[in-house]
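Just below is one structure, and these are the notes that go with it.
The values are calculated or read from the model by the stated rules, or taken from the named source; none is laboratory data. Predicted model, so just to flag it, every value in this text is computed and none were measured. In this analysis, Cβ positions are derived from the backbone assuming ideal geometry, glycine residues included, and neighbour counts consider all displayed protein chains. Surface accessibility is based on the protein's heavy atoms, side chains included, excluding ligands, DNA and RNA. Shrake-Rupley method; radii C 1.70, N 1.55, O 1.52, S 1.80 Å.
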Amino acid sequence: MSNNQTLTRTIVAPNHQPTVPRYRSKTTRIIFGIPYWVFTTALAVIFLYPLIWTGVSSVSPRAGTSQTDGWGFGNYAALGEYQAGIWVYLGNSLFVSVLTVALTLFISLLGGYAFARFSFPGKNALFLLTLAILMVPYATLLIPLYVILNAVGLQNSLVGVALVITMFQLPFSMFMMRISFESVPKEMDEAAMVDGCSSWGALWRVLLPAVKPGLVTVGLFAFLTAWNDFMAPLILINDSNRMTLPLAVTNLRGQVQGVVDYGATEAGVVVLALPCIVLFLILQRHYVRGFMSGAFKG
């Protein structure tokens, strides 16, 4: 019996190497994970603190604001009564943002499809020329664009503002849609054409669902840019009833010696930030997938 036990130990021992207890590997992961969690928590605090502070300050009592006695929404009431009213400025911003998103999505979808799927003379040169717009400072083109829009009757127009913002969105949007289409195998649209689809039909029926994350990313960027843009409305709009919300919040002043009403201004910042935060949280999954489009191509 003793010999059998010895023989068994001799045979089994080489095949079962000593293993590190599982609690040690978990401890190691915790130790090495501490710097990561500390770093990410610090970043979260840095980015969230100004937003939280602004939200709290917009409803807290403060001398010289519309909310001087107790907590409440007096600053929001003052913001709503400023000149034409907050609903007018919200409507203006929403109109510019929606029109910018629609134009950006339509043009970048067709342009990205053309650059990704077709060959034509000057294709790469035209694409590089489109991307070159990114190298031109935004503010330097606003005055020439003001002159052009004035010549065609779109100066002091929300449509003109949307066209200008769309132009500056196109380089990034075209690039995103091109790599989104290139990440989709060509066999998909070739199979659709074999089944009787035209290039247009293959785009709308087959490729469009495949590049949905890229479209969401482009649309989200276009909306955030148009919603928060300040320079274009400042240069192109001179009618107070056509101001967008960022311009109205910036112009918000008290009635005594031009003193800034910080309470109403903070309320305006909260109103500006809320749609962006909600939209980003809803579309976050598609946003990340859109940026990953083409990363693992080929």
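What the table below lists for this structure:
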read-out	value
Candidate residues 190, 266: accessible-area rank, largest first, probe 1.4 Å	190, 266
Radius 13 Å from Cβ of residue 161, net charge of other residues (Lys, Arg +1; Asp, Glu -1)	-1
Most to least accessible of 186, 123 (protein chains only, probe 1.4 Å)	186, 123
Whichever aspartates and glutamates have a C-alpha closer than 18 Å to that of residue 186, once near sequence neighbours (fewer than 8 apart) are set aside	195
Accessible area expressed per residue, the range 27-73, with surrounding protein chains retained (probe 1.4 Å, Å²)	80 Å²
Order by protection proxy (mean Cβ within 10 Å, highest first), peptides 196-204, 230-238	230-238, 196-204
Calculated FRET efficiency for the pair residue 194/residue 134, C-beta based, R₀ 41 Å, to 0.05	0.60
Residue 285 accessible area, assembled protein chains, probe 1.4 Å, Å²	150 Å²
Accessible area, probe 1.4 Å, largest first, for residues 194, 211, 88, 38	194, 38, 88, 211
For the range 164-188 versus the range 85-120, the gap between their alpha-carbon centres in whole angstrom	13 Å
The range 84-254, accessible surface, carbon-and-sulfur percent (1.4 angstrom probe)	70 percent
